[in-house]
Amino acid sequence: MSWSDWIWRLLNDRLYDVAFVALGAVITIVRASGITINDGQTGLKFSFGRATRVLSPGFHPLFPFLQTARVVYSRSRTLDLPAQRVETRERLVVFADANLVYKIVDVRKAVIEIDELEKGMLQMIGIGVQEVMRVAKRAELARTAGLDHALTETLSARLEQRGVEVER
């Protein structure tokens, strides 16, 4: 029996196995050459290191090694700032914490302008809380709605440059 007869006989015996493996290999190659963006996410496609296109939910083909994509959440998210010590203008020491509800509206800015968005936003929240609380007087400290509004205004102006919309 020659080699070609043996291979032909083996293929006939294992035809379904070979077809299944071939189909799996094709699916793996197709899957590896693309990205799936889920609902509530937005992607940014990079070609040769440059941002080229914003990706909506769905499957998007990519050329391996030449194109990549970064995915960010586009739904509202919450970021918590742990309590920190703040000294007011009247020399009162208070402990303040904050929660930020935000949404990414400009993916290009959110991905490109700042390396780690959440880490940078935590630092901006801390600075914003310090600014708002430092100028607050004793009577204003009891009214948290006014402080919330002032903090929202301060953070909206700063985070708008990063493609982030402050909701609360």
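The values are calculated or read from the model by the stated rules, or taken from the named source; none is laboratory data. This is a predicted model, so every value here is computed, not measured. Note: ideal-geometry Cβ built from the backbone for every residue, glycine included; neighbour counts use all protein chains shown. Note: accessible area is taken over every heavy atom of the protein model, side chains too, but ligands, DNA and RNA are not part of it. Shrake-Rupley method; radii C 1.70, N 1.55, O 1.52, S 1.80 Å.
Any idea which of I114, I37 is over 30 Å from T154 (Cβ atoms) and β-branched (V, I, T)?
Among I114, I37, only I37 is over 30 Å from T154 (Cβ atoms) and β-branched (V, I, T).
Taking interchain pairs and intrachain pairs at least six residues apart, which have beta carbon atoms under 7 angstrom, with the first residue in the range 17-46 and touching a residue at least 40 places away in the same chain (Cβ under 8 Å) and the second open to solvent by 80 Å² or more (accessible area, probe 1.4 Å) and assigned to a strand (DSSP E or B)?
Close Cβ pairs (under 7 Å, with a partner that is open to solvent by 80 Å² or more (accessible area, probe 1.4 Å) and assigned to a strand (DSSP E or B)) amount to G43/R70; L44/R70.
Inspect the range 53-73 for any residue being of a type in the set (S, T, Y), touching a Leu at 6+ places or on another chain (Cβ under 8 Å) and at pLDDT 85 or above and give the result as yes or no.
Yes, that holds for at least one residue.
Looking at the range 49-75, which of its residues are in a loop (DSSP other than H, G, I, E, B), among the polar types (S, T, N, Q) and surrounded by 14 or more Cβ atoms within 10 Å (Cβ to Cβ)?
S74
Applying the selection to the range 119-147, what residues are within 19 Å of V101 (Cβ to Cβ), open to solvent by 20 Å² or more (accessible area, probe 1.4 Å) and not hydrophobic (A, V, I, L, M, F, W, C)?
Residues satisfying the conditions are K119, Q123, T144, G146.
Looking at the range 28-41, which of its residues are β-branched (V, I, T) and open to solvent by less than 100 Å² (accessible area, probe 1.4 Å)?
Selection gives T28, V30, I35, T36, I37.
Taking the range 149-168 only, how many residues are open to solvent by less than 90 Å² (accessible area, probe 1.4 Å) and of a type in the set (D, E)?
Of the residues in that region, 2 qualify.
Any idea which residue in the range 78-103 is nearest to A32 (Cα to Cα), counting only those that are buried (at least 17 other Cβ atoms within 10 Å of the Cβ) and out of contact with any Leu (no Cβ under 8 Å at 6 or more places or on another chain)?
Taking the candidates together, the pick is A96.
Within the range 114-168, how many residues are touching an Asp or Glu at 6+ places or on another chain (Cβ under 9 Å), part of a loop (DSSP other than H, G, I, E, B) and more than 18 Å from R91 (Cα to Cα)?
Matching residues across the range 114-168 total 2.
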